[in-house]
1. Pairs needed: first member in segment 144-162, touching a residue at least 12 places away in the same chain (Cβ under 8 Å) and on the phi > 0 side of the Ramachandran plot; second member anywhere, hydrophobic (A, V, I, L, M, F, W, C) and surrounded by fewer than 22 Cβ atoms within 10 Å (Cβ to Cβ); C-beta distance under 7 Å; at least 6 residues apart or different chains.
2. Is there any pair with a first residue in segment 123-135 that is touching a residue at least 40 places away in the same chain (Cβ under 8 Å) and over 13 Å from Arg181 (Cα atoms) and a second that is surrounded by fewer than 21 Cβ atoms within 10 Å (Cβ to Cβ) and of a type outside the set (Phe, Trp, Tyr) whose Cβ atoms are under 6 Å apart and which are 6 or more apart or on different chains, and what are they?
3. Please verify whether Thr36 is within 16 Å of the chain's Cα centre (by Cα) and touching a residue at least 60 places away in the same chain (Cβ under 8 Å), treating the condition exactly as stated.
4. Can you tell which of Glu69, Glu54, Glu82 is under 19 Å from Arg27 (Cα atoms) and among the charged types (D, E, K, R)?
5. Considering only segment 105-190, give the helices (runs of 4 or more DSSP H) lying wholly within it that have at least 3 residues that are within 21 Å of Lys14 (Cβ to Cβ) and open to solvent by less than 60 Å² (accessible area, probe 1.4 Å).
6. Out of all the residues in segment 67-89, which are under 14 Å from Gly121 (Cβ atoms) and either free of Cβ contacts under 8 Å to residues at least 12 places away in the same chain or open to solvent by less than 60 Å² (accessible area, probe 1.4 Å) (or both)?
7. For Ala203, state whether it is on the phi < 0 side of the Ramachandran plot, at pLDDT below 95 and touching a Phe, Trp or Tyr at 6+ places or on another chain (Cβ under 7 Å).
8. Of the conditions (1) open to solvent by 10 Å² or more (accessible area, probe 1.4 Å); (2) in contact with a Phe, Trp or Tyr (Cβ under 7 Å, 6 or more places away or on another chain), Arg46 fails just one. Which one is it?
Amino acid sequence: MPANPFAPNSQAGKVAVVTGASSGIGRATVQQLTATGWNVYALARRAERLAILEAETGAHPVTCDVTDEAAVRAAAKNILAETGGRVNALVNIAGGAIGLDRVADGSPEDYLVMYRVNVLGILNTVRAFIPALRASGEGSILNLTSTAAEGGYEAGYNAAKFGARGLTEALRLEEADNNLRVIEIRPGMVHTEEFSLNRLGSAEMAAKVYEGVEKPLVAEDVAQTVVF
């Protein structure tokens, strides 16, 4: 893991909400934010993983599926009740890909799953937390997309990430008058324990993705950029 270059407790008192927190980049982001003093609410679907993260970092675990609008609203209500209505940063890491089917063979069901988590997941969290972020006077929204949002390639994952990028760019323009900083990070290949495994369905196929890459980015590298 790269050393955390940020001073311990330098951000003490600030509140962040991080989605996709149970593994990979989301988990690493929670680890590094808490190390610099952020009060972090870690959202993910897997309660058992969040419990481990809580024990390791002191982050507040919130079991929540970001594609479920009602669940996100309920989570936001509970979080804001605990923080006195204050949130300084919303960090949308949750996302994912399914398969490698080309467009002509693409499954509408798979496309819908990818769109829900990569695009509507961001929409749901923004809608739930933006009043508090605006009220802070200097809130930040960070959306993790991908270099898949920059140009086409075979398979439909990039369609969802193009959607996430478009939403982010629109949000940046819309919220300028509210002094909200809207950030997008678009990493390329990142070696995490689950992304390629979940996408391809087997450890063997997932390992092939990184063949020939001596030192791929890892979750902690991206998390450093998020924290910065």
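1. Cβ pairs passing all conditions: Ala155/Leu100.
2. Asn124/Glu69; Ala128/Arg73; Ala132/Leu80; Ala132/Gly85
3. Working: within 16 Å of the chain's Cα centre (by Cα): no; touching a residue at least 60 places away in the same chain (Cβ under 8 Å): yes.
So Thr36 fails the test.
4. On the way: Glu69 fails: under 19 Å from Arg27 (Cα atoms); Glu82 fails: under 19 Å from Arg27 (Cα atoms).
None of the other options fit; the residue is Glu54.
5. Working: elements: 108-115, 121-136, 157-174.
Answer list for segment 105-190: 121-136.
6. Residues of segment 67-89 under 14 Å from Gly121 (Cβ atoms): 67-73, 75-76.
Passing the criteria: Thr67, Ala70, Ala71, Val72, Ala75, Ala76.
7. Details: on the phi < 0 side of the Ramachandran plot: yes; at pLDDT below 95: yes; touching a Phe, Trp or Tyr at 6+ places or on another chain (Cβ under 7 Å): no.
No; evaluated as a whole, the condition is false for this residue.
8. Of everything listed in (1) open to solvent by 10 Å² or more (accessible area, probe 1.4 Å); (2) in contact with a Phe, Trp or Tyr (Cβ under 7 Å, 6 or more places away or on another chain), Arg46 misses just condition (2).
The values are calculated or read from the model by the stated rules, or taken from the named source; none is laboratory data. Computed from a prediction, not measured in an experiment: that's the story for all the values here. All Cβ positions, glycine included, derive from the backbone under ideal geometry; neighbour counts span all protein chains shown. Surface areas here come from the heavy atoms of the whole protein model, side chains and all, with no ligands, DNA or RNA. Shrake-Rupley method; radii C 1.70, N 1.55, O 1.52, S 1.80 Å.
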